[in-house]
Amino acid sequence: MESIAHPLVSIISEKLIKPSSPTCPTKRWHKLSLIDQAFSNSYIPFSLFYTKDAISKNNTQISQLLEESLSKILSIYYPYAGRLKDNTTVDCNDAGAEFVQVRIDCLISETFNWHNTAIEDLLFPQGLPWSNCTTGGLVVVNTVAAESEVQNPTRTEVVSALIFKCAVRAAKAKSGIFQPSSMVQAVDLRAQVGLPPNAIGNLLTICPTSITNNEESMTISKLVSEMRKSKELVYKRDNINDNMFVALLLELAKSKQEYHDNGPNAYQITSLVKFALHEIDFGWGKPTKVSIANGLNNKLAILMGNQSGGLDAFVTLTEHDMSVFERDTELLEFASIVPSC
């Protein structure tokens, strides 16, 4: 375990929590899929903030409750208590998951109206796999009304289109030239192959939406329509034997390249809206705030639902592009920018 060295942080305890029941010997070795291997060094950690006035238990009781819950869940999701043998195999040896209890000498209220606060910097230390990008910002999108060529567009579709459009426009501000760009989204394949939604692993493909003409073609209506068409093509494919993302990974492997992004003008937009992170209740109510580390890659947006019924968009761009993006008048018509400390 690595120690946390910071004057505001006091380590109370460091433990390895083991599964509540031993893993069956026949499940000792867990093979990783090609997609799992591609993401083996990618981490997107979350932090959940709970106010103390909603908690009736003391710190020791809270820690015990979380340790017991983690131990029970590790008996079900046992690979997370194991260790990587190599890039293809997990040794499910019940070594345990790291559990660190710390005290941070900051008021939790300092995080509520800001992004990238001092507390979040401590929770998401620099120099680790999730801190490779230049500038991350938080955009809170309330309502986007759009005329669309498709009926009943989802809020995720419309917000994704808005962020993509404004990010491409921000990039143009630097070069002065419109660059043909694409929006790349992940598509979960669990339902298509009959697996439950809580099955672990990266069972997905990618869904690209490309705009090659000009900036005028990037209306919200047009983008949502093109996104729908791309998704319909994905759902018609045999994504087990003809997976677009796997094909990309194999092509990269042949040329001895690693997967980082989908090209110089590709924007990755990932939706976690179906993961009800703001509903996570350990017995003392729902979190007051859910935060996420700045993105692993540049040109990345991660969407999450929030308590007000809107969407939080964690956007990572270069410093120049972000400075333009945050002042985009169309974006600000529907969204508010959460300032960074």
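The values are calculated or read from the model by the stated rules, or taken from the named source; none is laboratory data. The structure displayed is predicted, hence computed values, not measured ones. Every residue, glycine among them, receives a Cβ derived from its backbone with ideal geometry; neighbour counts consider all protein chains shown.
For this structure, a couple of remarks:
- Residue check for Ser42: at pLDDT 85 or above and either surrounded by 13 or more Cβ atoms within 10 Å (Cβ to Cβ) or of a type in the set (D, E, K, R) (or both): no
- Scanning region 198-228 for residues that are without any contact (Cβ under 8 Å) to a residue 40 or more places away in the chain and either surrounded by fewer than 16 Cβ atoms within 10 Å (Cβ to Cβ) or on the phi > 0 side of the Ramachandran plot (or both) yields Asn198, Ala199, Ser210, Thr212, Asn213, Asn214, Glu216, Ser217.
- Applying the criterion of being modelled with pLDDT of 90 or more and aliphatic (A, V, I, L, M) to the residues of region 181-194, the residue that is surrounded by the most Cβ atoms within 10 Å (Cβ to Cβ) is Met183.
- In region 202-225, residue modelled with the lowest pLDDT [restricted to those that are of a type in the set (Gly, Ala, Ser) and not in a strand (DSSP E or B)]: Ser217
- Candidate set: region 117-133, residues that are at pLDDT 65 or above and in contact with a strand residue (DSSP E or B) (Cβ under 7 Å, 6 or more places away or on another chain); chosen: the one farthest from Leu48 (Cα to Cα): Leu122
- Test: residue in region 167-180 that is part of a loop (DSSP other than H, G, I, E, B), touching a Ser or Thr at 6+ places or on another chain (Cβ under 6 Å) and surrounded by fewer than 16 Cβ atoms within 10 Å (Cβ to Cβ): yes
- Residue selected from region 10-25 under the condition touching a residue at least 60 places away in the same chain (Cβ under 8 Å) and over 22 Å from Leu65 (Cβ atoms), by the criterion surrounded by the most Cβ atoms within 10 Å (Cβ to Cβ): Thr23
- None of Val140, Val150 is of a type in the set (A, V, I, L, M, F, W, C), in contact with a strand residue (DSSP E or B) (Cβ under 7 Å, 6 or more places away or on another chain) and either over 23 Å from Asn59 (Cα atoms) or modelled with pLDDT of 65 or more (or both) except Val140.
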